[in-house]
Amino acid sequence: MDRTINIATDGSAIGNPGPGGWGAVFTHGRQQWKLSGASQWQ
């Protein structure tokens, strides 16, 4: 039984600090979960 979970992530921002976003994809066999988010710095 394969117990491996693969995780790929990425993110970006405009400026530092500045508005930005992130994403992650989790895979386990044929199953897949996606997460994402964003932040607005004022």
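Listed values, structure above:
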item	result
Residues of the stretch 17-42 that turn out to be under 14 Å from residue 4 (Cβ atoms) and among the small types (Gly, Ala, Ser), as a count	1
Tally, over the stretch 8-28, of residues that are surrounded by fewer than 11 Cβ atoms within 10 Å (Cβ to Cβ) and part of a loop (DSSP other than H, G, I, E, B)	4
Residue pairs meeting the criteria (Cβ under 6 Å; at least 6 apart or on separate chains; first touching a residue at least 24 places away in the same chain (Cβ under 8 Å), in the stretch 2-25; second surrounded by 10 or more Cβ atoms within 10 Å (Cβ to Cβ) and in a loop (DSSP other than H, G, I, E, B))	17/41
Residue 5 being surrounded by 10 or more Cβ atoms within 10 Å (Cβ to Cβ), in contact with a His (Cβ under 6 Å, 6 or more places away or on another chain) and among the β-branched types (Val, Ile, Thr)	yes
Flag if residue 9 is touching a strand residue (DSSP E or B) at 6+ places or on another chain (Cβ under 6 Å) and hydroxyl-bearing (Ser, Thr, Tyr)	yes
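Each reported figure results from applying straightforward, stated rules to the coordinates on display, with no laboratory input. Just so it is clear, the model here is predicted, and its values are computed rather than measured. Glycine also receives a Cβ, built like all others from the backbone with ideal geometry; neighbour counts cover every protein chain displayed.
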